[in-house]
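Chemist: Dumping the structure here so I can ask a few things about it.
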Amino acid sequence: MCKMKILFFAMLVLLPALMSAQRARFTFSFVMEQSGSQLSPDSIHVENLSSGCDTMIYSPVKTLKVTVLAGIDEESADVNSLRVESWHFDTSDKAVAINAFVPGNNVNVTVFDISGRQCCGGDFSVDYGYNVFKVYGCPRSAVVKLSCDGQDASVSVVNVEDTSSRCSVQYVGSGANVSAKSLYSAGRFVFHSGDQLRFTMYSTTCNEVITREIVDTPSESTEYTFDFTNVENIRPDLIVAYDSVCYMDSILWTWQPVDGADGYKYNFADDYETSIDLGTLRTVKYEQTLDSSVTYKIYVWSYNACGVSDVTRLYASTPARAVADGEYSIVTDESDNLRILNIFEQPDSAILRTPSVNVDMNDTIWNYLANRMYQAARSTGVGIAAPQVGINRKVICVQRWDKGSMSSHPWEFYFNPQIVEYSDSVVRRSDGCLSVPDGSDYPTIGGFSYRATWVIVTYYDAEGVFHEEKINHQYTAHIFQHEIDHLNAVMFFDRQVEENAFKFTIIDGDSYEGLPEIR
């Protein structure tokens, strides 16, 4: 059993009719308790049984914050004031959507991060009344400020997916007042401490809408848990447990059964429409042409008459080849620091242009290599890959600029890393490489490349533990892409032209202000 917190926040500002009492804030959070993870709320209906009014909180996403004016009598409310009525995170285009009442035709929207730094903004010509704005690339936590005709209104927002793209504001157009809906009167939703409220959560199963309700008289911020356990006729949960047996020429995956699943499908790409139906079988044998020391993956789904589960990626690696004598000699030769290869010289160029293979995490020599690579790069670069010191193995060292303090950022080692997902946005940024030296003796290569703004990386750490991590910090994500490119025999200047630019949103980028050049 799990609790999926659906963080609907209704921040209710209380103000009596005489406008003399101190303002207070109530936060109501709602939790859906269920047996799996495939059910989600459609909406929550909040009825004030004492005052005879209501409001509906819709849930287009799993995380939503809604601001509702409350405790203000309709006749005393300033209906012509600038105000933010509601906001939510729109998963369709990864933006924070804001619904506001604008009492004029011109409004300024400015976005600040939690430190108070202005991130982006703009001036917009709008229609009088309710309008919708979207913030793209919004910081994880931010404040959005609106100004119009001498009035200001602000709201705190959260970017639940943290796209790490450049911040921008877009005017969508006129919209409806989503937070003032009332079945009983034309007035606003009104709430005073001690009023009796009825909360009804709606959710849709395979063939019906189901509800759970709670009646309470809250006098403080409260969390309400709606019990949806034992609900039947829902799509199956995703596959969470599997085993793999790896040989030099094949991989055998087997996963645990999923309750409520009628069958399973798999594919070599994340595309359910072209997936292969296994029926009730829970085993896939991967027998394409396989290389040693390589990580392979497939995508699997469970399904039933109600729908399809979320996708699960299954990973497995073919056995790594033994440490070669030449590799051992390079790693253990401590006569001086490891020499960094030069792309303009041979046989260095041939090594840098050869794809690397995986390492066996049981060979402790690779940890030793990573430490020596770190010593070679720490004073002049922010990352290094094993091919740059003459070894075509999948080992990289990366300085994590998303960790540590303002003056110190840790270096970390990654074994058999690969990028499994890129952002939809790419940015053209300054770049460089320890293996592309400057100077009059060599050709001049322009220092820029196209890079995704975030990536999801799988890897083994120094303890041999497998990880899947989303790197949201754009500068750190750039380093990961640069170093993993080395493992695939790709140099940064190969990325100076984005061949599939039509697939991405291209963002103009400058150098990383105040950060070292990627080398």
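What follows draws every value from the coordinates through simple rules; no lab data is involved. Everything numeric here is computed off the predicted structure, so don't read it as measured data. Counting neighbours? That spans all protein chains shown, and the Cβs are built from the backbone with ideal geometry, glycine included.
Chemist: Which entries of Lys134/Lys265; Lys134/Lys470; Lys94/Lys285; Lys134/Lys297; Lys134/Lys403 show an alpha-carbon separation above 32 angstrom in the structure shown?
Modeler: With Cα atoms farther than 32 Å apart: Lys134/Lys265; Lys94/Lys285; Lys134/Lys297.
Chemist: Per 0.36 nm of contour for each residue apart, how much would the distance between Arg198 and Thr254 grow if the chain were fully extended, relative to their Cα-Cα spacing?
Modeler: This chain segment gains 15.5 nm when fully extended.
Chemist: Quick check: residue separation of Glu334 and Ser379 times 0.36 nm, minus the Cα distance between them. What number comes out in nm?
Modeler: Values: separation 45, 0.36 × 45 = 16.20 nm, distance 1.83 nm.
That works out to 14.4 nm of additional length.
Chemist: Multiplying the sequence separation of Leu278 and Asn105 by 0.36 nm and subtracting their Cα-Cα distance, what value in nm do you get? Before the final figure, lay out the partial values.
Modeler: Details: separation 173, 0.36 × 173 = 62.28 nm, distance 5.86 nm.
Residue separation times 0.36 nm, minus the Cα-Cα distance, leaves 56.4 nm.
Chemist: At what distance in angstrom do the alpha carbon centres of the stretch 229-254 and the stretch 383-457 lie from each other?
Modeler: After rounding, the separation between the Cα centres reads 34 Å.
Chemist: Taking the simple approach of a point 7 Å from Cα along Cα-to-Cβ for both Ser40 and Asp113, what is their distance in nm?
Modeler: The answer from the label model is 2.8 nm.
Chemist: Relative to a virtual label point 7 Å from the Cα of Glu421 in the Cα→beta-carbon direction, which members of the stretch 297-338 show backbone nitrogen distances below 20 Å?
Modeler: So the set is 297-303, 308-316.
Chemist: Something else now. Hey, for a label at Tyr128 modelled as a point 7 Å past Cα toward Cβ, could you say which residues of the stretch 86-109 have their backbone N under 16 Å away?
Modeler: Those under the cut-off are 101-107.
Chemist: Could you rank the peptides 126-132, 389-395 by their average count of other C-beta atoms within 10 Å per residue, with the highest value first? Don't jump to the answer; show the numbers that get you there.
Modeler: Numbers: 126-132: 16.4, 389-395: 24.0.
Going by the mean number of other Cβ atoms within 10 Å, highest first, we get 389-395, 126-132.
Chemist: Taking the Cβ-Cβ separation of Glu33 and Glu345 as r and a Förster radius of 60 Å, what is the calculated FRET efficiency to the nearest 0.05?
Modeler: Numbers: r = 64 Å, r/R0 = 1.06.
After rounding to 0.05, the efficiency reads 0.40.
Chemist: Let me ask something else about it. What FRET efficiency do you get for Asp271 and Val172 if R0 is 35 Å and r is their Cβ-Cβ distance, rounded to the nearest 0.05?
Modeler: On the way: r = 31 Å, r/R0 = 0.88.
It comes to 0.70.
Chemist: How large is the dipole of the stretch 393-469 about the Cα centre if only Lys and Arg carry +1 and Asp and Glu carry -1, each at its Cβ, rounded to the nearest 20 debye?
Modeler: Values: 7 positive and 11 negative charges, 32 e Å.
About 160 debye.
Chemist: Tell me, what is the FRET efficiency for Val311 and Gln496 to the nearest 0.05, using R0 = 41 angstrom and their Cβ-Cβ distance as r? Numbers along the way, then the final one.
Modeler: Working: r = 33 Å, r/R0 = 0.81.
Once the sixth-power term is evaluated, E becomes 0.80.
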